[in-house]
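Below you'll find the structure, written out as structure tokens, and then a few comments.
The values are calculated or read from the model by the stated rules, or taken from the named source; none is laboratory data. On a predicted model such as this, the values are computed, not experimentally measured, just so you know. In this analysis, Cβ positions are derived from the backbone assuming ideal geometry, glycine residues included, and neighbour counts consider all displayed protein chains. Calculation scope for accessible area: heavy atoms of the full protein, side chains included, ligands and nucleic acids excluded. Shrake-Rupley method; radii C 1.70, N 1.55, O 1.52, S 1.80 Å.
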Amino acid sequence: MVTLLERVQSHRRQFGWRATFSRVALELGRRTGLARPPIAPPAPAWTGVYWPPVPVSAHSLAPRFYCMPRSSRRRVTLLGGDANPCGKDEAATAALALAVMMANALNADLRVIAKRPVNPGELDRLLQEQGLVLRGECSLPAPSTRPDAELDRFEGESMITASWSVAADALDELPARDLVLLVHAQGLPPSFAADRARHHELLGRNDLRFVVCTQVLQRRLAANGWPHFEHAALTFEPARVAADIDHHSAPDDGGRHFVLHVPESTDRRRFELGLRAVEQALAAGVLEAGRWSFSFVGLGLPQVTLRNGQRPVRQDTLDAIGSSRGPRADLALVLPPPAAPEPAAAAMAHDGTVVIVAAPGGVMAADTGVITCDATPDALSAALRQAVACLAEPAARVRPATEREPAAGWAQALGDVATELTAGR
């Protein structure tokens, strides 16, 4: 059992007496109902930079921690937040795989923390599917609803998350040097998201350890305002396991693939607006009829025949597009409902697709690979011309990750990354 004195001494060693007294006063205030804003502790000397805490909401996605002296038994913690750490999406799988491989490299145990209960059988099955074996023990703390609940952490314990919002919340409790943020296109908010500024602030930090899925995403981040990603971030290519291989993927024969995505299936007007934009682009020669194939994505979309005689392939979701599992889209037009962010747009853009998002009040500007414009025929026509011009300009076209050979498994994909992250720890 860790005594209160041990916790105070541990906090003093890490942050100094002044910050420790402030934390004690804050804790006493919480218990008496007289809480006052905390005094932010100074950054550790090794960073050379002081970063004020990133503002967080009242409902933090990261738990509160108290620090314990380093134990003879090491541990690595995966922070899942609201997401299911055993989810099938690539970001969650990569974060879990990285946590397992770091734990193995350190001869450490693994701890998985999430806001929702984690099923041990589901976790074991996922590890087996991905060809991963954890050598140490695995603990799955039960989620707590108490606002003052705290979890222990060892000094120097590595924490990993694939969620930028969890990372932002965790920085109120953790030294930046102990946090690893896995950056994946699936976890990036669109350019018009309400919390875009907070996300950009987090990506702008140079004291965090970033691990980026694909060199394509790394280069796009470096080119869009975060140059430190070019030299400071580690990268990996996603693994392709047997279950992920799409045997129906078409070979690259020089043709191009266009995707029209209407996330809200009941929005008939927006589908008709997108269809009209495609027809106009075909008529004007912006989209060459003999070169482009088409997919229309959304639940319940009608089957149509385009003016060039093609019948677009209908799909319910984007799962097989813009990922390592299936054919890549060269150009996508996304028409989300008004004021509804569409994360899939950013995910497709960072996989090498030129994406147009028809958002009310949008502007003709490219941000992180996404072109936004007004949801009007004229604005869509102009955006399509700009997007096709981007495709035709070799210098503006970053080679997509799907054109490179994916890793044979997570051991190959993340082996070097895990070794680099655990060196000296």
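When we screen Asp374, Asp367 for residues that are within 25 Å of Arg269 (Cα to Cα), of a type in the set (Asp, Glu) and either at pLDDT 75 or above or surrounded by 17 or more Cβ atoms within 10 Å (Cβ to Cβ) (or both), the only hit is Asp374. Which residue is nearest to Arg307 (Cα to Cα), if the candidates are limited to the stretch 285-296 and must be open to solvent by 40 Å² or more (accessible area, probe 1.4 Å) and of a type outside the set (Asp, Glu)? Once the filter is applied, the top-ranked residue is Ala289. Looking at the stretch 127-139, which of the residues that are open to solvent by 40 Å² or more (accessible area, probe 1.4 Å) and not polar (S, T, N, Q) is nearest to Arg73 (Cα to Cα)? So the residue we want is Glu137. Evaluate the following for Glu173: is it more than 27 Å from Leu380 (Cβ to Cβ), modelled with pLDDT of 80 or more, crowded, with 19+ Cβ neighbours inside 10 Å and touching a Phe, Trp or Tyr at 6+ places or on another chain (Cβ under 9 Å)? Answer is yes for this residue. A count restricted to the stretch 257-271 and to residues that are at pLDDT 90 or above and either over 15 Å from Gly298 (Cβ atoms) or open to solvent by 70 Å² or more (accessible area, probe 1.4 Å) (or both) stands at 1. Filter the stretch 86-126 down to the residues that are among the small types (Gly, Ala, Ser), buried (at least 21 other Cβ atoms within 10 Å of the Cβ) and either farther than 22 Å from Ser71 by Cα or touching a Cys at 6+ places or on another chain (Cβ under 9 Å) (or both) and list them by number. Once the filter is applied, which keeps residues that are among the small types (Gly, Ala, Ser), buried (at least 21 other Cβ atoms within 10 Å of the Cβ) and either farther than 22 Å from Ser71 by Cα or touching a Cys at 6+ places or on another chain (Cβ under 9 Å) (or both), the stretch 86-126 yields Ala91, Ala92, Ala94, Ala95, Ala97, Ala103, Ala114.
Just to be sure, is Val166 of a type in the set (A, V, I, L, M), in contact with a helix residue (DSSP H, G or I) (Cβ under 9 Å, 6 or more places away or on another chain) and not in a loop (DSSP other than H, G, I, E, B)? No; evaluated as a whole, the condition is false for this residue. For the residues Leu275, Leu282, the requirement of being modelled with pLDDT of 90 or more, in contact with a strand residue (DSSP E or B) (Cβ under 9 Å, 6 or more places away or on another chain) and either charged (D, E, K, R) or open to solvent by 30 Å² or more (accessible area, probe 1.4 Å) (or both) singles out Leu275. Can you name the residue in the stretch 176-206 that is part of a loop (DSSP other than H, G, I, E, B) and surrounded by fewer than 19 Cβ atoms within 10 Å (Cβ to Cβ) and, of all such residues, is modelled with the lowest pLDDT? Only one residue tops the list, namely Ala193. Among the residues of the stretch 209-228, none qualifies, meaning not one is at pLDDT below 85, part of a loop (DSSP other than H, G, I, E, B) and among the aliphatic types (A, V, I, L, M).
One residue stands out in the stretch 150-160 among those that are assigned to a loop (DSSP other than H, G, I, E, B) and open to solvent by less than 30 Å² (accessible area, probe 1.4 Å): the one that is nearest to His184 (Cα to Cα), namely Glu157. Inspect the stretch 135-149 for any residue being at pLDDT 90 or above, out of contact with any helix residue (DSSP H, G or I) (no Cβ under 8 Å at 6 or more places or on another chain) and at negative phi and give the result as yes or no. Scanning the stretch 135-149 turns up at least one residue that is at pLDDT 90 or above, out of contact with any helix residue (DSSP H, G or I) (no Cβ under 8 Å at 6 or more places or on another chain) and at negative phi. The single condition among (1) more than 14 Å from Val216 (Cα to Cα); (2) modelled with pLDDT of 85 or more that Val354 does not satisfy is (1).
The sole residue among Ala168, Ala83, Ala142 that is more than 21 Å from Thr419 (Cβ to Cβ) and either surrounded by fewer than 18 Cβ atoms within 10 Å (Cβ to Cβ) or in contact with a Phe, Trp or Tyr (Cβ under 7 Å, 6 or more places away or on another chain) (or both) is Ala142.
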